[in-house]
Amino acid sequence: MPPSNAKKELLESFLRTTDEFFSLNEFEELIDSKKKLRIKYGVDVTSPYLHIGHAVNLWMMRELQDLGHKVIFLIGDFTTQIGDPTGRNNTRPIIPQSEIDKNADEFIRQAKMVLRFDDPDLLEIRRNSEWFSKYNLSEFLKLLAMVTHSRLISRDMFQRRIKNQEDIYLHEMIYPILQGYDSYVLESDLTIIGSDQLFNEMLGRFYQQKFGQKPQVIITTKITQGIDGKAKQSKSLDNYIGLGHSSRDKFGRCMKVPDELIVDYLKIYTKISIEEISIIDKEIVKDPMKWKKFLAEEIIKRYHDEASATREREWFENTFSKKITPEDIPTMEVVDSQWIAIDLINKYFDNSKSNSEVRRLFKQGAVSINGKNIPLFDDTIDIAAGDVVKVGKRNWFKLNIISS
């Protein structure tokens, strides 16, 4: 049982990033008990990336690990084959097992930036294929018999599809049942989730009660807008700060955070005290860039180290404030000394950008060689070894001409 001051500190820390408790009284009972808690952390590995929004939940779990509680890292390898309909207006494609395994490894690599994987008393890795791949059909029908159609169809994304006259497939409707049953199998005491998973985890509480277990406490966490100031962080919108991003990319993405979100990001994504944030809030309007850099440093310290934070701030200031070309730019080897401009830039991006995206860079005046702007994508340009090409605000490369 944690000392009263430890409980107070934990509650204060959790309240900072919590949206809702189901319920707060039950959570307090858990942390007052002598029980070593089992904290369910379930991931469906359809897309192997985590961003700092996901990491809010991970940091809360890490605090509980530091108090001696265990995180059950549940890889939903069986349910991934179905596809979680959460947030979807269409059916998710089924992905092969080999990709599921690869994505699971990548999830673990990123989660290790926050959670402790070094002690089996603090973390256990499970896969729900352990029980679902051999689950008896007659037993599964009993699970289905406990839940009404009206309860399942009330889910918001299903209601949107009905309104839009879009199909709902039966395997999608049973997904919440499978996720809920996971909580019973794992004997989950607590789960910390985004609000979009609340329906599924409430079914977890339901099944636990049905089978005579004490229902898990559910904590939903606060969600901020992405770095575009619009929708929540999403890989598809490229408006996120990823755990897998380099320290340099994290710093650069922090610079895109709208001024009005700096305080929210400090509260949710750093450990700066609320008292200090209140002072910063009054100062932001005078010099928002100063505090945006401060935010970036704090985020990098959390996921990398202080030296990286200092280095990236210096790099950013030298590059963008003092207009100094970075020393550590990559070298690209080319054969010829004469190129069509767009072909040279396409070679640098290795076809990761479409021709229309690259043409747009030229139209925006974002391509230069040795500081001289190249306005036309179809210009023929002469290059020499050591020339420095700049593309956009953050891409440089040095040319090295090799013999054919």
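The values are calculated or read from the model by the stated rules, or taken from the named source; none is laboratory data. Please read all numbers here as calculations on a predicted model, not as lab measurements. In this analysis, Cβ positions are derived from the backbone assuming ideal geometry, glycine residues included, and neighbour counts consider all displayed protein chains.
Taking (1) among the hydrophobic types (A, V, I, L, M, F, W, C); (2) surrounded by 14 or more Cβ atoms within 10 Å (Cβ to Cβ); (3) free of Cβ contacts under 8 Å to residues at least 12 places away in the same chain in turn, L30 satisfies each apart from (3).
Can you go through D167, D118 and tell me which one is closer than 29 Å to F27 by Cβ, modelled with pLDDT under 95, of a type outside the set (A, V, I, L, M) and in a loop (DSSP other than H, G, I, E, B)? One residue alone meets the criteria, D118. If you check I342, I381 for being in contact with a helix residue (DSSP H, G or I) (Cβ under 7 Å, 6 or more places away or on another chain), assigned to a helix (DSSP H, G or I) and farther than 30 Å from R311 by Cα, only one passes: I342.
Just checking, does the range 328-344 include any residue being of a type outside the set (A, V, I, L, M, F, W, C), over 17 Å from K267 (Cα atoms) and touching a Lys or Arg at 6+ places or on another chain (Cβ under 6 Å)? Yes, there is a match, as at least one residue in the range 328-344 is of a type outside the set (A, V, I, L, M, F, W, C), over 17 Å from K267 (Cα atoms) and touching a Lys or Arg at 6+ places or on another chain (Cβ under 6 Å).
Residues of the range 162-187 that are within 28 Å of the chain's Cα centre (by Cα), surrounded by fewer than 19 Cβ atoms within 10 Å (Cβ to Cβ) and among the charged types (D, E, K, R): E187 alone. Just one of the numbered conditions (1) in a loop (DSSP other than H, G, I, E, B); (2) more than 19 Å from G371 (Cα to Cα); (3) not aliphatic (A, V, I, L, M) is not true of K323: (2). Within the range 308-321, the presence of at least one residue that is touching a His at 6+ places or on another chain (Cβ under 9 Å) and surrounded by 14 or more Cβ atoms within 10 Å (Cβ to Cβ) is confirmed. Being out of contact with any Pro (no Cβ under 8 Å at 6 or more places or on another chain) and within 14 Å of L266 (Cα to Cα) holds for only one residue in K292, K286, K323, and it is K292. Name the residues in the range 100-133 that are surrounded by 14 or more Cβ atoms within 10 Å (Cβ to Cβ), small (G, A, S) and more than 18 Å from I192 (Cα to Cα), would you? If the condition is that a residue be surrounded by 14 or more Cβ atoms within 10 Å (Cβ to Cβ), small (G, A, S) and more than 18 Å from I192 (Cα to Cα), then A104, S129 are the ones that fit. Has the range 354-373 got at least one residue that is of a type in the set (D, E), at pLDDT 90 or above, surrounded by 10 or more Cβ atoms within 10 Å (Cβ to Cβ) and outside the structural domain of G252 (by TED's automatic domain parsing)? Within the range 354-373, not a single residue is of a type in the set (D, E), at pLDDT 90 or above, surrounded by 10 or more Cβ atoms within 10 Å (Cβ to Cβ) and outside the structural domain of G252 (by TED's automatic domain parsing).
Within the range 171-185, the set of residues being hydrophobic (A, V, I, L, M, F, W, C) and over 12 Å from L144 (Cα atoms) comprises V185 only. On the basis of being free of Cβ contacts under 8 Å to residues at least 60 places away in the same chain and either crowded, with 16+ Cβ neighbours inside 10 Å or among the hydrophobic types (A, V, I, L, M, F, W, C) (or both), does I192 make the cut? Criteria not met by I192.
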